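Bear in mind these aren't lab numbers, they're just calculated from the coordinates by the rules spelled out. Keep in mind it's a predicted model, so treat the numbers as computed, not measured. With ideal geometry, Cβ positions are generated from the backbone for all residues, glycine too; neighbour counts draw on all protein chains shown.
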Amino acid sequence: MAGRHARNRMFSSPAAIAASAAVAVAVAVGGTVGAVHLTSAEPEAVRPAPVVPTSAPPSPQSPVPSPSTVSPSPEATGSPSASPAPTRSTAASRGKPRAQVTSTPSKRATTKPAAPKRTAPTVVATGTCGASFYAEGQMTANGETFDPSAMTAAHRTLPFGTRVRVTNPATGASVTVRINDRGPFIDGRCIDLSRAAFGAIASLDLGHLTVSYEVLG
């Protein structure tokens with residue numbers, strides 16, 4: 001019976017009542033403060049950002065510059081503020097370039113020398129006599145080796161080196177020979193031609209013929 005009375009015992013004193021009221025007020029105040037803290041902890045991203053104007057509108061007092069009078073800034077044109085890099089100069093160096101000189105050949109170098117005019121040899125003597133030829137012999141009277149293929153001839157009196165033009169009257173063929181030997185020693189003949197010289201004006205089968213001669217000076 002003592003335990004039953006202890007479980008059902010009620011606080012009826014004024015101090016107990018005041019303490020209970022204080023606890024209830026504290027619980028109520030704490031709940032309100034917690035609700036306020038939860039409301040203020042809202043994420044910042046939800047709040048809209050304030051709109052800030054990028055540039056102020058031009059005032060009525062200052063006129064708006066026209067596009068033609070506005071000089072582009074270095075940032076707008078993209079050119080660096082530093083001085084431009086020096087470009088390679090095309091001016092000539094200290095040494096002057098050599099001018100290409102086209103050499104013009106002189107008239108003296110290009111002009112061919114005039115050929116000397118050939119004058120007709122002077123005829124100092126003429127005549128007619130018999131002529132023959134010879135093809136043998138080792139030495140001539142002037143000390144040359146006899147050459148039957150050379151245009152030479154033998155005469156009794158004409159000086160060595162004299163040139164004589166011998167013509168065959170029957171054909172008109174002529175040959176100029178140089179005297180380098182003596183002969184012929186047969187009557188009726190005044191000149192003895194080499195085999196090549198005789199063959200230039202007549203056939204070798206003739207052996208001898210009458211010719212006209214001109215001694216050239």
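Highest-first packing order for the peptide set 188-198, 130-140, 146-156 is 188-198, 146-156, 130-140, based on the mean count of other beta carbon atoms within 10 Å. Remark: the Cα gyration tensor places segment 147-217 in the rounded category, a/c being less than 1.5.
Coordinate range of the alpha-carbon atoms in segment 108-148 per principal axis, descending: 52, 28, 16 Å. Subtracting the Cα-Cα distance of residue 149 and residue 123 from their residue separation scaled by 0.36 nm leaves 6.8 nm.
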